[in-house]
1. Between Ala120 and Leu56, how many nm apart are label points set 7 Å from Cα along the C-beta direction?
2. Distance in nm between label sites at Asp78 and Val423, each 7 Å beyond Cα in the beta-carbon direction?
3. With labels modelled as points extended 7 Å from the Cα through the Cβ direction, what inter-label distance (nm, one decimal) is found for Phe28 paired with Ala170?
4. Provide the gained length on full extension for the span Val127 to Ser251, in nm with one decimal, where the gain is 0.36 nm per separating residue minus the Cα-Cα distance.
5. For Leu447 and Asp102, what does the FRET efficiency come to when R0 = 56 Å and r is the distance between their Cβ atoms, rounded to the nearest 0.05?
6. Exceeding 20 Å between C-alpha atoms, which entries from my cross-link table qualify? They are Lys77/Lys107; Lys297/Lys424; Lys77/Lys136; Lys148/Lys297.
7. Any chance you could run the full-extension gain for Asp352 through Ala260? It's 0.36 nm times the residue separation minus the Cα-Cα distance, nm to one decimal.
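Only the coordinates and a few stated rules stand behind these numbers; no lab work does. These numbers were taken from a predicted model, which means no experiment stands behind them. Here the Cβ is made from the backbone with ideal geometry for all residues, glycine too, and neighbour counts use every protein chain on show.
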Amino acid sequence: MKRFLAIVAMLSIMLFSVGTAMAATSAFDNLPGGAGIAYFQASPGGFYTLLNIQNLADNPELGCSAAITVHLTFYDKDSNHLLDFVVPMSARDNWGAAVTGDGTTIKVIPQPGLSFQGYAPPPFWQVALPGIGDGKLQHGYVTAAITKVDCWTPASLYRLPATPTATMPAGNNNGNPLDDTDAGGLNVVLPDLINFRAAILSPQSALGFNANMLQGFLNIPSIREDVSGSFVNSVGVNALCAGNTVDWDNSGTNQVGAVALPDVGGVIIQAPELYVTNNVGASAVITDGCTRAGRHKALGSHNGIYWGRYNVTPGLTDSTLVMVFPANNPLPDNPARAIADGRLTAIIAYDDNQNWVSTPFVTVPEVSLSPLFSATNPPLPGNVSIQHSAFTSGELRISVAAPMFGFVATVVAGVDADLYPLVKERQAVNVVNLGITDGAGVNDVRLVGY
């Protein structure tokens, strides 16, 4: 089985609007954020992943601590929780760790010598994660989210809306974020203060990349489907959406009352937090913001179409499409966690002369590794190969409803060589009061791209 390269890829995230008080935002690549998502992989054959987080805050205000705590949560390829822990960070601080695996368990090994005001991490965190395929590949994704801040100054330090329902807990400003109030379970906007990076290494290769950050991330403690004009457990009902309820999971029946989205151990990323909300109003582009159909993906392409470059040369070059669909499966104790949009995927391979061949519709795993069809590059169990006829290079057109990010990884002569990030056809961009007369503080959505 060929090695599969993976990295963090472009992710966007949004902040949800509650009532009409908050402003939702959009995410763009290579900008700091309050949260982010990265792919990881390890294997007994030598693959491992390096993770790095940087706190960009540098005490811009006299007497205001820029210390924060970041909550890391690891999930397997089916979005099952593996482990989580918190990382305290001072101003301009860096934290790093390696994710290694032996085919049955993974270890998260922090950089040696890390300590913070008497707190020192354990030598490693360990959890069972069975590998799959001949190479016993162990893979999944990891989320990072700010969960505590030691000093809150909304007007300047973190530059967030000074809205009571949107602000982080103030903190006690003693330089130690570990004893401050946790934002987990609260309806708050995270400050855009961290960079998240990852690198996939093997004995023959090393490729490092910035993670895709989630900017203006609103932590949502609960949602409800039975309240007119309310997508989240709102502080009020938006009169502009009167009479509209939201069947979040497309079950055909609205759930009655609030459904909790529990944050375990700190802020985590839940399914509804991958969508832009409160995009109401008589916009020239968006007119259905009060309905489930009017919700727009903050993560991934708004219209569900992506493009990726591939190269396949028999005996020399192989390509694999990697796609990650965070939080897409329901959990037995939390059905609201499931994203209603499915992972049924259609893929067309074009050569450079526009000839094409399609792969039949298939529902891919939450972390999907789909090789371009090759006798030397078979798919891992549960994955499928992509048809490409005899084409040696060209473009993949990927169509899928659920929010996702991904890339195409290339192996040359058995060595991981490079990757092409997927190109999104369209990005939903949230703005506030863009000259549309639809109420004070209400968001509008504009679409950027093809």
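1. It is 3.3 nm.
2. Between Asp78 and Val423, the label points sit 3.7 nm apart.
3. 3.4
4. That works out to 41.2 nm of additional length.
5. 0.75
6. Going by Cα-Cα distance, Lys148/Lys297 fall outside the 20 Å limit.
7. 28.2 nm
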